[in-house]
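This report concerns only the one structure given below.
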Amino acid sequence: MADENLVKEKPKKKARLIHCFGKRKDAVARATMAPGKGRVMINSMPLGSWGTEFSRMRIQEPVMLASELSKDFDFRVTVRGGGYSGQTEAVRQSIARCLVEAGNKETKHRFVDYDRNLLVVDPRRNETHHAGSASRRGSRRHEQRSKR
């Protein structure tokens with residue numbers, strides 16, 4: 001009788017955490033995706049109070065493209081460096097990479113068809129400063145000349 005009262009407990013599954021990063025210009029975003037209710041936190045602030053409306057819409061693009069997958073996960077993103085635009089693109093890329101890692105090939109193809117920069121780092125960087133008398137001309141090789 002004592003054996004009948006014992007109930008076997010199912011082992012709890014470990015929460016699956018996925019870590020990804022995104023880069024754009026000088027901005028670097030690190031995202032952690034954990035099981036949850038579809039919330040997005042950026043630098044400990046909810047998405048609704050971060051940045052401009054345009055930047056919030058850009059960040060929501062990967063979440064909307066994979067809506068059936070993203071509604072079951074929470075995103076915590078830390079972003080450093082760069083300006084508003086670079087940070088927005090870095091956050092967007094890090095969230096998209098997390099969703100692709102958790103999803104399937106169809107999710108990846110959907111992101112690539114929509115915007116390749118959701119998954120691929122943009123290699124463009126600012127041109128470095130050139131020594132010499134370039135200080136008044138910026139990065140140009142020759143000084144601009146008037147045609148007249």
**Asked** Name the residues in the range 58-78 that are surrounded by 12 or more Cβ atoms within 10 Å (Cβ to Cβ), modelled with pLDDT of 90 or more and out of contact with any Lys or Arg (no Cβ under 8 Å at 6 or more places or on another chain), would you?
**Response** GLN60, VAL63, PHE73, ARG76
**Prompt:** Is it the case that some residue within the range 85-92 is touching a Cys at 6+ places or on another chain (Cβ under 8 Å), crowded, with 18+ Cβ neighbours inside 10 Å and at pLDDT 90 or above?
**Reply:** no
**Asked** So which residues in the range 93-106 are basic (Lys, Arg) and either outside any helix (DSSP H, G or I) or surrounded by 19 or more Cβ atoms within 10 Å (Cβ to Cβ) (or both)?
**Response** ARG97
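Okay, residues lined up against (1) hydroxyl-bearing (Ser, Thr, Tyr); (2) in contact with a Phe, Trp or Tyr (Cβ under 8 Å, 6 or more places away or on another chain); (3) at pLDDT 85 or above:
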position: ASN117; (1), (2), (3): no, no, yes
position: ARG125; (1), (2), (3): no, no, no
position: HIS129; (1), (2), (3): no, no, no
position: SER133; (1), (2), (3): yes, no, no
**Residue tally, condition hydroxyl-bearing (Ser, Thr, Tyr) and assigned to a strand (DSSP E or B), over the range 11-49** = 1
**Request:** Those residues that are hydrophobic (A, V, I, L, M, F, W, C), closer than 15 Å to ARG116 by Cα and either part of a loop (DSSP other than H, G, I, E, B) or in contact (Cβ under 8 Å) with a residue 40 or more places away in the chain (or both), I need them from the range 50-65; list them, please.
**Result:** LEU65
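The values are calculated or read from the model by the stated rules, or taken from the named source; none is laboratory data. A quick note: this is a predicted structure, and the numbers were derived from the prediction, not measured. Using ideal geometry, Cβ is built from the backbone for each residue, glycine included, and neighbour counts are taken over all protein chains shown.
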